[in-house]
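Read through the structure below, which is laid out as structure tokens, and then see the notes.
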Amino acid sequence: MSRRIALVCLTATVLATGLAATQSQSPNGVKTLNPPGAIKTVGTWSVGTRAGDFIFVAGMQGIDPTTNKLVPDPEARVRRAFLNLQLIAQSEAASLQDCVRLTVYVSDLSRLAPMVEKAQAELWGGPPYPPRTMVEVKRLFDDDIVEIDSVFYAPATNR
């Protein structure tokens, strides 16, 4: 019985430590983000951080947050990547119109650029659009087709 209690206490300590790490803040106030509904991270990275008035969102793939697996359809996967970054931004009171920088990595520029254009136009609803760089790369994590890195401006005083 005492082993069971010790195991329960150890498990609670490990879980509490992990929770604190996922919602931590640096000595300079950089806050790690992990909002409800976001994709689940595995490894040594976070979905985003807030540093002052800026939100930095990790490279988002077209992962369905309910299954944590890549969306099969390429066009839906590109759209899902944008929706994933939107969710992180919204968790800090930012909208897509508050995006100040996009970097889109694709595995096949000629095939995927039109899908990126379409998804972005639909989700933004029209100009103004943020500055964007789109780069074709040889390989992405999990042999994915798209990953979108973004930065948002959302004054902390507006929260």
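Using the Cα gyration tensor of the range 34-159, with a ≥ b ≥ c the square roots of its eigenvalues, what is the shape: rounded (a/c below 1.5), prolate (a/b larger than b/c) or oblate (neither)?
Verdict is oblate for the range 34-159.
Grab the beta carbon distance between Ser26 and Glu136, set R0 = 41 Å, and tell me the FRET efficiency rounded to 0.05.
For Ser26 and Glu136, the calculated efficiency is 0.75.
In a solvent-free Debye calculation with one equal scatterer on each Cα, what is log10 I(q)/I(0) for the range 112-159 at q = 0.20, 0.22, 0.26 Å⁻¹, listed in the order of the q values?
Normalising to I(0) and taking log10 leaves -0.86, -0.95, -1.12.
For the range 37-124, what does the relative contact order come out to in percent, with C-alpha contacts under 8 Å and a separation of six or more?
With pairs under 8 Å counted, the relative contact order is 24 percent.
Once the piece of chain linking Asp64 and Glu117 is laid out straight, how much longer is it, given 0.36 nm per residue of separation minus the C-alpha distance between them?
That works out to 17.0 nm of additional length.
Work out how much length Thr44 to Ala93 would gain on full extension: take 0.36 nm times their residue separation and subtract the Cα-Cα distance, in nm to one decimal.
Stretched out fully, the Thr44 to Ala93 stretch lengthens by 15.1 nm.
Report the full-extension gain for the segment Trp124 to Val100: residue separation times 0.36 nm, less the Cα-Cα distance, to one decimal in nm.
In short, 7.3 nm is gained.
Computing the accessible area with a 1.4 Å probe over protein heavy atoms, can you report the carbon and sulfur percentage for the range 51-103?
It is 54 percent, rounded to a whole number.
The values are calculated or read from the model by the stated rules, or taken from the named source; none is laboratory data. Small disclaimer: the values here were computed from a predicted structure and weren't measured. In this analysis, Cβ positions are derived from the backbone assuming ideal geometry, glycine residues included, and neighbour counts consider all displayed protein chains. Accessible surface is based on the protein model in full, side chains and every heavy atom, while ligands, DNA and RNA are left aside. Shrake-Rupley method; radii C 1.70, N 1.55, O 1.52, S 1.80 Å.
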